[in-house]
């Protein structure tokens, strides 16, 4: 989940302790075995199943009209959501770092609520406020707007948490120099602040996008799961499993897996870019 | 000045409408008619079983991933190996994979027609639609947290103290327990909190592998979903409140753990509370 643009392996190892009581080789063997059993074998089963009927069957599963509609909806909603959260996430990070107000610690802790709150609870809470019994008369349940709002909730922390450390480390002198040379507030933001925050914003966007693409728990209660209308890919996969079309479910899963992998690689590239700065 | 208030307004407005108002609303809905109805809903046999099963998931998945996480972090940071980059990449995978795909993958391995399902069934081991499958799902989705939180702390503390300990005659186990573990404990603790939160709330993966049988394979999140779908709103809200309270406890622990990890010289944790409150400059926004 977390907003960690995570790369670490290139760090130079130091001559520290050996793994206690175990040979390094044995330890490595255990790690590889654990990862294989827990992660790689299950994923391999999905990839194998997706092509069990041949590549043609794979392709027609993915490009079937209902599956395409779901995929398109998922991608478009996720794009809208990361755009919204890129803007608001950066504003929130700014307010938390540069502004000062009572209760700031609490607001800062609150940002992580979507990480801590179970997704089904997130969906249910949104439904009580924006559903058919809405006390403010705003019923958006079972519409695409509901999908966007639920995904905004779920992915809220990513951009904020990726931008905050950059904002803290940022050199204030550059801004002051620009201001003293006559640059206005917007010019300072556009020419100095924004370029410095960009790696964080992009990393946050990619992580949020990956999360939004696969989201399930927060959507099932509020989106209505109507095929061709409000059915996202994860819900489509679930319905295919339930109707016995496991190969079709696997094919769409492989598409999601491929996008996730590409995004992860993107995140580690941005992290490296940010580190080099 | 206006810019400052404008930004504040946007930030607070967004957080209020998206986070605070809905969460406040569900608390209101639950306790609308006093504490009696939710309490009653939560003490039904199915609800109690769901709570028990959820805690069981935590009790098994969290220790497994903690031991793996610390060991794996030590290997990644302290021992150069060309396989490390691959291991590192695989560890990140669960962050990016849809829980539904995780559920499907386990279904394909352990189902009746799965790779391992038939063999295990011959040995009398039922994985799918029972506890082992749900544990596997929980382990999968929460696998990265301890590794991700421990690695930066390990990199930060260096090896001087460990070398001193071993020069003074401590063996590897003693060095690990007396020197390394105390030094990384807040990073590990932070990872454990995140792992626990993820396991407590996991829905998508567990929903596929569990079959969601009331009183048997139903965790608390599944209980909430089913109660809501059966128009038993009282039970759904009550279950959601229990989970929300657990989440708020998690936030509190994250906030404390983050501060301690920071004080220990670790990197800025994701909830960089301490980092933010201490580093805010004394210069006010002037523009």
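For the list (1) more than 7 Å from chain B (Cβ to nearest Cβ); (2) part of a helix (DSSP H, G or I); (3) under 19 Å from residue A:234 (Cβ atoms), I need the number of the one condition that residue A:162 fails. For residue A:162, the failing item is (3). Looking at segment B:37-52, is at least one residue surrounded by 14 or more Cβ atoms within 10 Å (Cβ to Cβ), within 11 Å of another protein chain (Cβ to nearest Cβ) and touching a helix residue (DSSP H, G or I) at 6+ places or on another chain (Cβ under 6 Å)? Within segment B:37-52, not a single residue is surrounded by 14 or more Cβ atoms within 10 Å (Cβ to Cβ), within 11 Å of another protein chain (Cβ to nearest Cβ) and touching a helix residue (DSSP H, G or I) at 6+ places or on another chain (Cβ under 6 Å). Here residue B:55 does not fit the description of being part of a helix (DSSP H, G or I), within 7 Å of another protein chain (Cβ to nearest Cβ) and within 27 Å of residue A:157 (Cβ to Cβ). Filtering segment B:1-29 to residues that are modelled with pLDDT under 90 and either under 29 Å from the mean Cα position of the chain (by Cα) or over 30 Å from residue A:185 (Cβ atoms) (or both) leaves only B:29. In segment B:94-112, the qualifying residues are those that are free of Cβ contacts under 8 Å to residues at least 40 places away in the same chain and facing chain A (nearest Cβ under 7 Å), and the one that is nearest to residue A:247 (Cα to Cα) is B:108. Taking the conditions exactly as written (in contact (Cβ under 8 Å) with a residue 12 or more places away in the chain, more than 30 Å from residue B:110 (Cα to Cα) and assigned to a helix (DSSP H, G or I)), does residue B:146 satisfy them or not? Spelling it out, it is not the case that residue B:146 is in contact (Cβ under 8 Å) with a residue 12 or more places away in the chain, more than 30 Å from residue B:110 (Cα to Cα) and assigned to a helix (DSSP H, G or I).
The residue list A:226, A:168, A:220, A:154 contains one member that is in contact (Cβ under 8 Å) with a residue 60 or more places away in the chain and away from every other protein chain (no Cβ under 12 Å), which is A:226.
Determine whether residue B:25 is facing chain A (nearest Cβ under 10 Å) and more than 24 Å from residue B:142 (Cα to Cα). Taking the combined requirement at face value, the residue satisfies it. Restricting B:156, B:202, B:162 to residues that are without any contact (Cβ under 8 Å) to a residue 40 or more places away in the chain, closer than 26 Å to residue B:87 by Cα, within 11 Å of another protein chain (Cβ to nearest Cβ) and in contact with a helix residue (DSSP H, G or I) (Cβ under 9 Å, 6 or more places away or on another chain) narrows the list to B:162. Hey, among the residues in segment B:71-93 that are buried (at least 21 other Cβ atoms within 10 Å of the Cβ) and within 16 Å of the chain's Cα centre (by Cα), which one's nearest to the other protein chains (Cβ to nearest Cβ)? It comes out as B:92. For segment A:31-62, the set of residues classified as in contact with a helix residue (DSSP H, G or I) (Cβ under 7 Å, 6 or more places away or on another chain) and within 21 Å of residue B:83 (Cα to Cα) consists of A:31, A:34, A:35, A:38, A:39, A:40, A:41, A:42, A:43, listed by residue number.
The values are calculated or read from the model by the stated rules, or taken from the named source; none is laboratory data. Predicted model, so just to flag it, every value in this text is computed and none were measured. Reconstructed Cβ throughout: ideal geometry from the backbone, glycine too, with neighbour counts over all protein chains shown.
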